[in-house]
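Colleague: For reference, the structure I am asking about is given below.
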C-alpha cells in the first residue's frame, strides 16, 4: 500500500510513465487554452479569460463499469473518457479549455494498451481543443480513469437544468438510442472493429455537441439544457425536477436511430433504446415558445428535433401516436440500482 | 456495466446519494470561494478572481493502495483525501478555492462508512476553506476516491520545482517521517483510535501548509518549492531534476520525529522514515543564499529547518555527521515499483 514506501534505489518508473504520457501530448500546445504550466510540477497553472466564468466537471470511466477491456479498443477508451466529460461542458454552453487525467493501470497495460489509449485520448484532445494540463498515476489491478475538464462560458451565460417553464418546447439533437444499439452490435460482433460507421462509431467515439451548445447559449435560445448521458427518460426527469415542471413527449417525434445496422433492430427496440439508452451525449434543451420556430431542423449537420413540451403538471408523460397518454418512468442508467 | 442501462421504474438511488452528499456540505457556503453553482447540474460554475491564475491538481485515494478500510477510520479517509490534494496547492504558494469529489462505493458502504467519510471530508473542507463544487458517483466493489482541487495564486507568483540554483539553501517545514511512523503505530495498535496526538494524527489527519506556502510566495522568498508526499529522497531528486541541479543534505540537520510515541523508534528508523517516508505533506523549498537568514526558525508554530544546499553537481548527497559523503538515492514511494 501507498503508506509503506518502497525503499528501492532503482529509477522511478512512475516518472517514465509520466514522461511517456507527456510526450504524447507535447505536440498539442496549451498556450491558446490558457495553460501556463502543464505536466511535471505539483499542479498545473491555467489562466482564465476575463469576462468568462469557469466550468468544472469530473467523470469516472472504470473498467468493468463503463467499459470492458476485452471488447472496447484502447483507442476508443481514450477518446470516450474525454469526450463524455467534455459533453458536460457542452451542456452548459461552454468551451472546453483543458483537462486532468487520473489513471490507474495494471503493470500489464503499460505497453500496447497504454499506447492505444493515449493515441485515442490525444485525438480527442486535439479535436476538442482541450489540452492535457496534468493528472495523477498509480498502479492498480484494474484500469481506473477519472477525467476533470475545465471549461469556460461568458459571464451571465451558461445554461442550467433549472430554467424550464411550462409551455417551453423540448428539443433534442441527433438521433437517440444509437449508442445503446451500438453497444449491442459491439458485444455481438467483435469483428466489426474496422467498420466504425453508424451505431458502432456512436458507441465508441461519441462527439460532444460543443458547437451546438455554444450557438444555443450565445443566441440566448435555451431556458434549460443538459446532455443525454443516462437516457432520455432519466435525464428529462432530472431536468423537470430541477425546474419544478413536467413534460409531455410525443412518441412519434422522438428521433430514432437510422444509422448503419439500425435495420437489424425492431422499431420497438429502437424506441426503447431512444427512450432509455444512455451514452448518446446529445443535448436536451428547452426553448420558450416564441423562440422555438427560430431553431433550424439542422445545425452543422446535426438534426435538431422538437419532441414535446414542458407542462405545469409535474410528471413526464409519453403521448402515443393514438393520443393515449402514459407515464415515462426513468429507465436509464443508475449505478446504484444495478 | 454502464453501457447496459437498468430498465427500472424505481426512483434513482444515485439521486439519494448525491442529495445526501449535498446536505453534508450545505452549511459550507461557496460564495466567498467564487462558487456560483455547485452540486446538481451538469457541471459546477466558478468565478475566478481578476489578477489571479488558477491552479489545478487531482489525486487518487484508493482503498488498498492509499488506505485500508479495516484500519483507517472513515473520518480520516475523508479528511486526508482532501488535505493531501490541497497540499499540492500549498506547494504552489496558492489558496484552495473549491474541490470536486469522485466517489465509487460498494453498496455496503453507503451507510455508516459514508457518514463518517463525509464528516471528515466536511471538516477538512471547512478548515481549509475549500467548498465542494461537484463530482461524480458510481457503485464499485472497492472504495475509489479521486479529488480535484482548484486553487488560485497571484499572477506572476507561484513557486515551481524548476527554479533552484546552485548555492540556494534548502529548507523543510515541520518534522519528517512522522506520518510514516504513525502508519506503523496505526498498523500495530488499532486500539489507539481515540488518541490522535503526535504520530498518529500526522498519519491520519495531515495538515497542508497553506499559510506557510502563501507567506513564502508573497514575500518572494522561494526559488523552488514542492510538497513532500513521497519522501524526501524521492521528492528532492525530482526538484533537483526539474531545476537541473543537485543537492547536499546535512544528515544532522534533518528534523526527525519528536512527537508522542517517537521514543518507541530507534534513531536509525526515525532517520529512515525522515529520508524515505512519504505522506508528511510538509513543504520542501529553496531560498537564495542572501535571503536565507530572513527565514525564521518557526512560522505559525511550524518549524522551518535548513537541511542543506543546492549544488552544481547533479546528484543528491547525504553528508554524515563525520563529514563522510554518500549518495541519497530515491527510496520513497513509487506505485510502479511496488
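Colleague: Failed condition for residue A:47, given (1) within 19 Å of residue A:147 (Cα to Cα); (2) in contact with a strand residue (DSSP E or B) (Cβ under 6 Å, 6 or more places away or on another chain); (3) at pLDDT 90 or above, with all others met?
Modeller: (1)
Colleague: Please tell me if residue A:276 is crowded, with 20+ Cβ neighbours inside 10 Å and touching a helix residue (DSSP H, G or I) at 6+ places or on another chain (Cβ under 9 Å).
Modeller: Details: crowded, with 20+ Cβ neighbours inside 10 Å: yes; touching a helix residue (DSSP H, G or I) at 6+ places or on another chain (Cβ under 9 Å): yes.
Against the criterion (crowded, with 20+ Cβ neighbours inside 10 Å and touching a helix residue (DSSP H, G or I) at 6+ places or on another chain (Cβ under 9 Å)), residue A:276 qualifies.
Colleague: Separate question: Find the residue count for segment B:38-51, including only residues that are crowded, with 20+ Cβ neighbours inside 10 Å and either under 23 Å from the mean Cα position of the chain (by Cα) or at the interface with chain A (Cβ under 7 Å from one of its Cβ atoms) (or both).
Modeller: Total satisfying the criteria: 7.
Colleague: Go through segment A:90-103 residue by residue and tally those that are facing chain B (nearest Cβ under 8 Å), in contact with a helix residue (DSSP H, G or I) (Cβ under 7 Å, 6 or more places away or on another chain) and either under 14 Å from residue B:102 (Cβ atoms) or assigned to a helix (DSSP H, G or I) (or both).
Modeller: Of the residues in that region, 1 qualify.
Colleague: Turning to a different aspect of this structure: When residues of segment B:111-127 are filtered for being surrounded by fewer than 23 Cβ atoms within 10 Å (Cβ to Cβ), touching a strand residue (DSSP E or B) at 6+ places or on another chain (Cβ under 8 Å) and under 20 Å from residue B:34 (Cα atoms), how many remain?
Modeller: 0
Colleague: Being modelled with pLDDT of 95 or more, more than 9 Å from chain B (Cβ to nearest Cβ), in contact with a strand residue (DSSP E or B) (Cβ under 9 Å, 6 or more places away or on another chain) and surrounded by 17 or more Cβ atoms within 10 Å (Cβ to Cβ) is the requirement here; does residue A:76 meet it? Steps first, please.
Modeller: Numbers: modelled with pLDDT of 95 or more: yes; more than 9 Å from chain B (Cβ to nearest Cβ): yes; in contact with a strand residue (DSSP E or B) (Cβ under 9 Å, 6 or more places away or on another chain): yes; surrounded by 17 or more Cβ atoms within 10 Å (Cβ to Cβ): yes.
It is true that residue A:76 is modelled with pLDDT of 95 or more, more than 9 Å from chain B (Cβ to nearest Cβ), in contact with a strand residue (DSSP E or B) (Cβ under 9 Å, 6 or more places away or on another chain) and surrounded by 17 or more Cβ atoms within 10 Å (Cβ to Cβ).
Colleague: Say whether the condition of being within 14 Å of chain B (Cβ to nearest Cβ), surrounded by fewer than 19 Cβ atoms within 10 Å (Cβ to Cβ), within 30 Å of residue B:35 (Cβ to Cβ) and touching a strand residue (DSSP E or B) at 6+ places or on another chain (Cβ under 7 Å) is met by at least one residue in segment A:139-156.
Modeller: If we filter segment A:139-156 for residues that are within 14 Å of chain B (Cβ to nearest Cβ), which is where we start, we get A:139-156.
Keeping just the survivors that are surrounded by fewer than 19 Cβ atoms within 10 Å (Cβ to Cβ) gives A:141-142, A:154-156.
Filter again for within 30 Å of residue B:35 (Cβ to Cβ), leaving A:154-156.
This time we only want the ones that are touching a strand residue (DSSP E or B) at 6+ places or on another chain (Cβ under 7 Å), so: A:154-155.
Yes: segment A:139-156 contains one or more residues that are within 14 Å of chain B (Cβ to nearest Cβ), surrounded by fewer than 19 Cβ atoms within 10 Å (Cβ to Cβ), within 30 Å of residue B:35 (Cβ to Cβ) and touching a strand residue (DSSP E or B) at 6+ places or on another chain (Cβ under 7 Å).
Colleague: Still on this model: Of the residues B:65, B:54, only one is in a strand (DSSP E or B) and within 8 Å of chain A (Cβ to nearest Cβ); which?
Modeller: Values: B:65 fails: in a strand (DSSP E or B).
After ruling out the rest, the residue left standing is B:54.
Colleague: Hey, could you check segment B:104-129 for residues that are in contact with a helix residue (DSSP H, G or I) (Cβ under 8 Å, 6 or more places away or on another chain) and within 11 Å of another protein chain (Cβ to nearest Cβ) and say which is modelled with the lowest pLDDT?
Modeller: Applying the filter and picking the extreme gives B:110.
Colleague: Continuing with the same structure: When you check residue B:308 against the structure, is it in contact with a strand residue (DSSP E or B) (Cβ under 6 Å, 6 or more places away or on another chain) and under 24 Å from residue B:243 (Cβ atoms), yes or no? Outline the logic, then answer.
Modeller: Details: in contact with a strand residue (DSSP E or B) (Cβ under 6 Å, 6 or more places away or on another chain): yes; under 24 Å from residue B:243 (Cβ atoms): yes.
Judged against the criteria, residue B:308 is a match.
Colleague: Looking at (1) surrounded by 24 or more Cβ atoms within 10 Å (Cβ to Cβ); (2) over 15 Å from residue A:282 (Cβ atoms); (3) within 14 Å of chain B (Cβ to nearest Cβ), which one does residue A:244 not meet, given that it meets all the others?
Modeller: Unmet for residue A:244, out of (1) surrounded by 24 or more Cβ atoms within 10 Å (Cβ to Cβ); (2) over 15 Å from residue A:282 (Cβ atoms); (3) within 14 Å of chain B (Cβ to nearest Cβ): (1).
The values are calculated or read from the model by the stated rules, or taken from the named source; none is laboratory data. Just so you know, these numbers come straight off a predicted model, no measurement behind them. As a convention, Cβ positions derive from the backbone with ideal geometry for all residues, glycine included, and neighbour counts pool all protein chains shown.
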